[in-house]
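Read the structure below first, then the notes.
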Amino acid sequence: MPFHPRPRRLAQAALTVALALFVVACGNHPDTIFHHRTDFNRDVDFLFKILLWAGGFVFVFVEGILVFTMFRFRHRPGQAEPKHVHGNTTLEITWTVIPLLILALIAIPSIRTIFKTEAPARPDALQVEVIGHQWWWEFRYPQYKVVTANELYLPIGRTVNFTLHSQDVIHSFWVPGLAGKRDVIPNHTNYLWYTPDSTGADVYNGACVEYCGTNHGNMRFKAFTVSQADFESWAKHQATNAIGTPPAGAPAAPATPTAQASIAAVPTPAATVTQAGFVEYPRDKIPAYAVPQTPLPAGLQFDDALLGHGDPANGAKLMVGQGTCLACHAIAGNPMMVGVVGPNLTHIATRTTIGAGLYPNDPRHLARWIKNARMMKPDIVMPTLGKGQFDPTMKSTMTMGLTDQQIADIVAYLETLK
Ligand code: HEC
Ligand SMILES: [Cu+2]
């Protein structure tokens, strides 16, 4: 039987697919760029609409003339060949001037928006340094002396000026719900500023959008927009040391303790004192779209019964000892923990995710992360540390390594770093 393509059926199917894509793309997805939650997105949206309408008008007009011509001047039986014409100055000027006007119409607001968004941020802006690492984000708030990772807090109504650097390769920084993307380039500083202005606190997903290696797709982050008061409170808290904060009334720790003395003084979980009210975005208010759903790798076992009974004091010791965590991680207040290779862990317990937005930050995930981070996120710098674990990057088995009990102790300690 010969094959008869059915153009009408095909056209119907194509239209359905196109409509479905349109609905998905323009729907109210939380990560859509069509949110108007910053001056930046509003300006870009204004441009987008001008382009859409101007382009739409040109399309309908040109196609209309085309279709009209096709029917009106089609060949009819017995018709003589029409007259051939060459050159028509009026027509040519007209069809040069009209596109010129359309381009001018587009260019003026485009250039205005480019100049506006490329201009330096207002001097009183909140400064946030963004440092891209393979494959996580470092965030620094120099005005508040805060260093954190993978989770941004932004005050509503205050302009934030991002200074973008990369530690290694080219990344790109994007929170679609808040503003456009901007490249994060080594040995070069880029800037991006905008003012979150949503009426309520909100959570946004961010991601790296410039291919940067194996885990490019696992280089995510979150942005929490909160009230200015909550932001101040959060920042004040983040600037404190979660460890060794003297309980109310206790004498302050010596300004420059010797390394040995401070390790001994480290594990005082009960002493985590929070003067500030707002410490983190309430976890029960985080919408589902901002909670990571990455499944745990099959074959990575951990004795979960140990969790919740770990010894934080021993965990703190392991981190600067056998665990080797000190080589890469910093915990403010512990002079031994000053590593800069990995994320700052000073207030790790106030973050909702680990591994750059890949997993929820809870004891189950933390324990497995410490046991075999490279199974959780391939080829990262953080080594496989669990005893007897196979390191998929080194292709070797850890004979020394940490036992589940030791890992449970470390988790217990990390959980105190509120
Ligand atoms: C050789 C360096 C290195 C060592 C040693 C190391 N880490 Fe890491 N760690 C990293 C890097 C790099 C990351 C970020 C990985 C990523 O998300 O791509 C990380 C991520 C983490 C995270 C998640 C942080 C976040 O905000 O996402 C935790 C928790 C963590 N490490 C704990 C530990 C503990 C506990 C130890 C010691 C038992 C340890 N690490 C040893 C390099 C290291
Ligand atoms: Cu990246």
query: How big, on average over all directions, is the shadow cast by the Cα convex hull of segment 126-238, in nm²?
result: 6.1 nm²
Cross-link reach list, aspartates and glutamates versus Lys418, counting only Cα pairs under 14 Å and skipping chain neighbours closer than eight places: Glu280, Asp362
- request: Determine by what factor the alpha-carbon radius of gyration of the chain differs from 2.2 N^0.38 Å, reporting the quotient.
  value: 1.32
Ranked by how many other beta carbons lie within 10 Å on average, peptides 133-141, 224-232 from highest: 133-141, 224-232
field: Shape category assigned to segment 281-414 from the gyration tensor of Cα positions, a/c cut at 1.5
entry: rounded
For Asn361, distant residues with modelled amide H under 5 Å away: Thr353, Ile354
query: Once the piece of chain linking Lys395 and Thr96 is laid out straight, how much longer is it, given 0.36 nm per residue of separation minus the C-alpha distance between them?
result: 101.1 nm
message: Restricting to Cα pairs below 8 Å that are 6+ residues apart, what does the relative contact order work out to for the chain? Please round to a whole percent.
response: 14 percent
- prompt: When the chain is fully extended, how far beyond the present Cα-Cα distance does Thr294 get from Gln143, taking 0.36 nm per residue of separation?
  reply: 50.9 nm
- request: Provide the FRET efficiency to the nearest 0.05 for the Ile106-Arg364 pair, computing r from the beta carbons and using R0 = 45 Å.
  value: 0.25
message: Nothing charged except the Cβ atoms of Lys and Arg (+1) and of Asp and Glu (-1): what's the magnitude of the dipole of the chain about its Cα centre? Round to the nearest 20 debye.
response: 1180 debye
message: Please report Rg (one decimal) and Dmax (integer) in Å for the Cα set of segment 318-367.
response: 11.1, 29
- prompt: Quick one: if you stick a label point 7 Å off each Cα along the C-beta vector at Thr403 and Ser227, how many nm between them?
  reply: 5.0 nm
- prompt: Ranked from the most accessible area to the least, with a 1.4 Å probe and all protein chains present, what is the order of Arg72, Arg37, Arg112?
  reply: Arg112, Arg72, Arg37
message: Less than 13 Å from a label point 7 Å out along the Cα-to-Cβ axis of Ile286: which backbone N atoms in segment 189-226 qualify, by residue?
response: 203-206, 221-225
Degrees, to the nearest 10: 363-376 long Cα axis against longest axis of the chain: 70 degrees
query: At 222 nm, what helix-only mean residue ellipticity would the chain give, in deg cm²/dmol to the nearest 500, using -39500 (n - 2.57) for each DSSP H run of four or more?
result: -11000 deg cm²/dmol
- prompt: Given H placed on each backbone N at 1.01 Å, which residues far from Met337 in sequence or on other chains put an amide H within less than 5 Å of it?
  reply: Ile331
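The values are calculated or read from the model by the stated rules, or taken from the named source; none is laboratory data. Model, not experiment: these values are computed from the prediction. Glycine gets a Cβ as well: all are built from the backbone with ideal geometry, and neighbour counts include every protein chain shown. The accessibility values were calculated without ligands, DNA or RNA, using every heavy atom of the protein model including side chains. Shrake-Rupley method; radii C 1.70, N 1.55, O 1.52, S 1.80 Å.
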